Each structure stands twice: as structure tokens, then as C-alpha cells.
């Protein structure tokens, strides 16, 4: 995995190497192994490389024989060997062993149709000199990032927003609507970002820029329609797809390790990796001193069974607060949880131990219905069918087992869910979460709130839903919303790619092999969520492969301490600095008095609820984000991870 | 106005509960007018963790024990409901009032 950046000019005025070098330097952490750029009168392409496949021959930008098609690319095409063979049969001549060259010849052969043939995680920019156009594309689920901004007819694009700012041509300003979406969904919904004028290319879409105009098209759409009955060979088919997905993701010229959370999904990925790895498998886990968050016993059980060389990143009192400013800088967005921070530290440990590719378990909870939110949806529907029932609402007490027991039972707890919205609302499944999250809005400064006008994040989401949405089952709708509002823009981004790539680690996601996703999403709901038992078919498959303690273990969501990370021990200096009334006044997003009230409760140890924890992290991370990106022009601030581009720099003109 | 002398007046309970809710749950909305009959849950004032805090406050401030089955919307759903519920409990128990309720920061 790597980083890319570049510029496309509306007029043939050239692109300077210095400009491209600045952009590339801002994302140097994504590709510490090499650097290359190409510039002509209209197009500039820059690339920082993490060498994983064809370490010697895979340098980028990479062109075809006559230079008509040239690409910079971040990602992995896992079926590149099969595609390469197919293209060779059609007469294409390959000069390297890299998957990058498959993009070049595949585009020559199939044009945009190439994307449907790719099995992988990718974002790339391809200059097609024949049509004088630039082609941008992003993988189906948004595993890898790609941002762009249009300025004066020119297009600036990059893997991370900090590279756009480093160009000096892209305005650094906040987008209130993007922020409001963060405080509703946990992340701005692509194409929106928290920055004004900066767009994220949506997962499953491509864009073509020509003569100063950009058009965006979708090539992949989620389909959540399920079959009536589970196919007789469902477990066998699942077995094939899991094994194939992991086997493809073991393709690399360097050792592939695994992140082990202690849950079912990452254990499956690591177990299959151990079976297919030519090396001793290396596994990596986060452990917490707080026993309520810690899963080390389960991690250790799996590591022992797999015989992996296991390393742990321990999270004690001060680690999260120490790295949180760096986490926000890499995430490029306000956060509602500190959960990315331990993963930032984990990728550092992984890299220090010499591993630069890991498998992770992301995506399984969405397609196999693992989250409590899916159970909650079923229970709410069940209760609303007989609103007078006294015993049905008691089922709510069985949800969210990781919360304090006294907080998740009783009349108030149940009514929170029952009064959250009507089943006719397309967003029914997510209304309790959205309602809880949007309590952050209570802290808005009056002027910021006024600036939002009539903006309605939920209304826009309703408008964006695909035509067949209401025809899907309630769980299908819930899974769709989970994928588009949380998985793609938050879990795979701020908590996924950004934290891994902060230290040049590539995270591969076997559960998001599109063949497996499509298979799982077509299964009847009850194959996945049977009663209140989540991921039923996956557990059936895993019996015999993993320890029973893992296959029978209820889902425990990955969590990290939020408010206590900053207030339980020594409070970091930046907390008081950023949450000071004068500082908040300057930033203008949150109401200083309201924040003072929250900080008082945090310091007194009273802010124990989800709402206040989210609010504190949201406010603190927003102020860090503002200071990092909007405090001074990027060109005046040297990113900590940049500096000289180092050896391997080359320019092809 | 409740004139009984064996426990806190209902109006005092309501006022102290209002002050507590304002201080701890409505500090971010200083302009919010919290009426006696305004729902505390439906309006998003208090979440389920907040209910625990509120119960702890009421137990400490009015020297009473609230059982789990008493934590209902009927008893705690509004300031007025809290006033009625706590008042009734104090008087039924014969507790409260003789000792000045402790101040909660």
C-alpha cells in the first residue's frame, strides 16, 4: 500500500516537481520505501511507495509501453495474477511482476470496465493521454482513501487531505455541514468531508476529469435483498469464500501478519492465514489495563492454538492522551471515540517488529450482523408490534452487555429505544444511535448553529437511499446504513487505513472480499442473526477451527477508554489549553460555557455516560483538528512525518 | 404549598431536583426552561446513566432508598413526578426532613 497525489491542469501550464514533492512529502508515512513522480504540461503524478509486491520492479508512476497510460496507485489487486494471465492471452506484454501493471494494461483493454474485474482494495489515478483525461477510482467499500479539490479549473487529488493542503493551492477551511455529519454519524458521509471544498471520492465510484470538468459515476452498488431460504451448501460455499479471500490476501513478497482482537472475525482471519503462510505467523493485539476493556485471555488462547508469534501493545494510563494529537492529525477528522489511538500504537509496534502487512477482521460485523444494533432493531420491532406488552421490552436488558448492568435495564433504558422512532422511517434502525450522537449539538456555539441554517443530515441521508431500500428487510436496511455511515467513512478510514498507514502498515480486509460480502448479504437474515445469536453461520463454520471459548463467545465490541484517558490520571496540558474559553471562542464551534460544564463533570469523575464521553472526545478532537489543519497554512508547518523524500526519488518527464 | 413538617415540602423537592438536573444535565443548554411537567427522558435531558446519577442524588439528598422497580417513568419521568414520588416516600418512611438534606456539589 502506498500514497498518491497529483494535479490535473485545465490549461497546459505545467506542474512543477517542487509542487509534487511537497504533496508527496505530506504523505511520506504511507510509503517510506520509495518515491516517484511524473509531470507534463497538464498532469502531475506523485507516488510514495510501500513495497509489498515486486519490491524491485513495482516503482510508480508506471506507464504502458508508449506512455499513453500512466498510473499512480495505492492498494492491492489480489487477483492480479489471474488478470495478468488473461491480459497476456490478449497480447499485452508485461515488464514487471507487480499488480500495478495490471491496472495499466487492464485499463487499456477494458477501460472503466476494468473496475468490475478487480478483487482488491485500491485507489488510483490514471492519466489517459489518448483521451486527455484523468481517471480516478476507489474500491467498492472504501478501504482506501482518495480525496480531491477543484480550484480554478484545476483538479488536486491525494490519498490524504494534508497533501492537498501542502500544494498551497487548496483552501484550508471547515465545512460546518461536514462537521455536523461527524456529530451525527461519527464521520462525514462521502463525498462530504469536514473541509470546505474537499470531496472524498465515494466508495464504488470512479471519476473522469477532462478539460476542467469532473464527472463521477458509480460502478458498484450494494444489494441487500436476501433469499428466502439458506442454500443447502451455504456452509461449504462460505468455507470456499473465506479460504479463497484469505489466500488471495496472503499474496505478498513480504511476510503477512494478523491483528488479533480476541473476537471471532480476526481469529478466523488469523487461523486461515496461519494455514496458508509460508512464514511463522506473527500476530498483534491491543491489551488494556482496564479489565472491562481487555480481551487478552481470548487473544492469547487463539495465538496459542495457532502457534503464532504474538506481540501485544499494552494500553495503560497515559498512552492514549499522549498520542491523541497525532491520531487526529492522521485521521484528519474530529473523532467521537479514542478507539483509533490504540490502533495507531499497534501499527507502530507492528512496523517496529518488521511486519508491514496485516490481516484484520473488519467488515464481518456488518455483513454477518454482529453488532448489538441489529439485535436492538429486531427487539424494537418485536416490542412495537405489541406496545402494551410488559415482558417484551425486557429483551432490551439483554443488549449491550458491555455497558454497566445498572445502566442497561429498567423503564428508562427500554423507553429510550421504544420512543426512538417509527418502523416506517427508513432510518429506524439507527435513530437511537443518531439521537444519542447528536447530543453533541447541544454544545454548539450559537453562531456555528446559526451557520448550519436548515441543514438536515438525517434528511439528506434519507434522500440518498437507493431505490430498492424499503423493499429490503429491516435488518438489510440496517446493514446498509451501517456500511455507508460507519464502516466506510469511519471504521475503514479513521480507525482503519489512517491508523495503519501512519506507520506504513497495510491492513488487508478478507471479510470485504466482494464475493464474500455478496454471498453473506444474500443469506436469509436468520442465517446470520438467529434469535439474538449473532453471526450464526460464521460460528457454525468456525466450530472445530477455533477454540470453543472463541466460537461461543458473545460479540464484544472493541472499545478504548474515552474521558478517563484524559482525566483519570495526569491531565495533558493541551486539554486545558484547547478547552479554555478564549481558545474555544476563537475556534467558534462550541459554546465555552457548555464545554466548561462538561469539563467540570469530567474532572469530578461524573461524566460516565456514553453521551458525555462522546461529547468530550468530539470537542477535544475538533479543537485538535482545528489547530492542526486550520490554525496556519500547511506550507508554513512541516508535517512531523514528512521531511526529505529520501532515496528512491525519481522524476520521469 | 405543602405544609407538612415531617419531611421536605414537595415544592422543595422539585426545586432541588430541578437545580440538580440543570447543573448536571442541562449545563450545555442554559437557556432551556425546564418545566415541572417536561419529560426528562423523551426530551433527551437524561439518559439511562443519568437516571442512575439522579437516583443516587435523590437517595443522598433526601435520605431514602429507591428500589430498582421504582425506577420508572411514572416516578421519575418529570420533575413533578419526582416531587410526588419522593414526597410520598419520605412521608411513608417517616424519614427525611428532620435532618437537613446534605448538599450535593
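Hey, rough spin-label estimate for residue A:129 and residue B:38, points 7 angstrom out along Cα→Cβ, what's it come to in nanometres?
6.9
Considering every residue in B:66-73, what mean count of other chain Cβ atoms within 10 Å of its Cβ is obtained?
Average per residue, whole number: 3.
Given chain A, what percent of its DSSP beta bridges are antiparallel, to the nearest 5?
Taking every DSSP beta bridge within chain A, about 75 percent pair in antiparallel fashion.
Give the separation of the Cα centroids, region A:193-264 to region A:337-403, in Å.
First find each Cα centre; the distance between them is then 19 Å.
Evaluate peptide A:590-596: per residue, the Cβ atoms of other protein chains within 10 Å of its Cβ; return the mean as an integer.
2
May I ask you to derive the FRET efficiency for residue A:65 and residue A:243 from their Cβ-Cβ distance with R0 = 41 Å, giving the value to the nearest 0.05?
The computed FRET efficiency comes out at 0.65.
Assuming a ≥ b ≥ c are the square roots of the Cα gyration tensor eigenvalues, decide whether region A:417-522 counts as rounded (a/c under 1.5), prolate (otherwise, with a/b larger than b/c) or oblate.
Oblate, since a/c reaches 1.5 and b/c is not below a/b.
Report the label-to-label distance for residue A:116 and residue A:292 in nanometres (one decimal), using points 7 Å from each Cα along the Cα→Cβ vector.
5.1
Using 7 Å Cα-to-Cβ label points, what is the residue A:322/residue B:65 separation (nm, one decimal)?
About 4.7 nm, to one decimal.
Please sort A:385-392, A:245-252 by packing, taking for each peptide the average over its residues of neighbouring beta carbons within 10 angstrom, highest first.
A:245-252, A:385-392
Nearest 0.05, what FRET efficiency do residue B:88 and residue A:545 give at R0 = 45 Å with Cβ-Cβ as r?
The computed FRET efficiency comes out at 0.15.
Sort out for me the Cα centre separation of region A:274-318 from region A:81-119, rounded to whole Å.
Cα centroid of region A:274-318 versus Cα centroid of region A:81-119: 38 Å apart.
Kindly put A:160, A:177 in sequence by how many other C-beta atoms sit within 10 Å of each C-beta, fewest to most.
A:177, A:160
Just rank B:90, A:383, fewest to most, by other beta-carbon atoms within 10 angstrom.
By the 10 Å Cβ count, ascending: A:383, B:90.
Using r as the Cβ-Cβ distance of residue A:95 and residue A:17, and R0 as 30 Å, what FRET efficiency do you calculate, to the nearest 0.05?
E between residue A:95 and residue A:17, to the nearest 0.05, is 0.75.
Give me the inter-chain shielding for B:25-38: mean count of other chain Cβ atoms within 10 Å, whole number please.
Mean partner-chain Cβ count within 10 Å for B:25-38: 3.
Using 0.36 nm times the number of residues separating residue A:402 and residue A:596, minus their current alpha carbon distance, what extension gain do you get?
Stretched fully, the residue A:402-residue A:596 segment lengthens by 66.9 nm.
Which whole-number percent is the relative contact order of region A:3-220 (Cα, under 8 Å, 6+ apart)?
20
Sorted by mean Cβ packing within 10 Å, highest first, what order do the peptides A:540-548, A:111-119, A:418-426, A:623-631 take?
Most protected by this proxy first, the peptides run A:623-631, A:111-119, A:540-548, A:418-426.
Determine the shape class of region B:10-93: with a ≥ b ≥ c the square roots of the Cα gyration tensor eigenvalues, call it rounded for a/c under 1.5, and otherwise prolate if a/b is greater than b/c, oblate otherwise.
prolate
For region A:121-190 and region A:553-617, compute the distance between their C-alpha centroids and round to whole Å.
Cα centres, region A:121-190 to region A:553-617: 30 Å.
Listed highest first by mean packing, meaning other Cβ atoms within 10 Å per residue, what order do A:299-308, A:330-339 come in?
Result, highest mean first: A:330-339, A:299-308.
Could you line up A:428, A:455 from fewest to most neighbouring Cβ atoms inside 10 Å?
Starting with the residue having the fewest Cβ neighbours, the order is A:455, A:428.
Here, each number is a calculation from the coordinates, and none is a lab measurement. All of these numbers come straight from a predicted model, not from anything done at the bench. Heads up, the Cβs are rebuilt from the backbone with ideal geometry, glycines too, and the neighbour counts pull from every protein chain shown.
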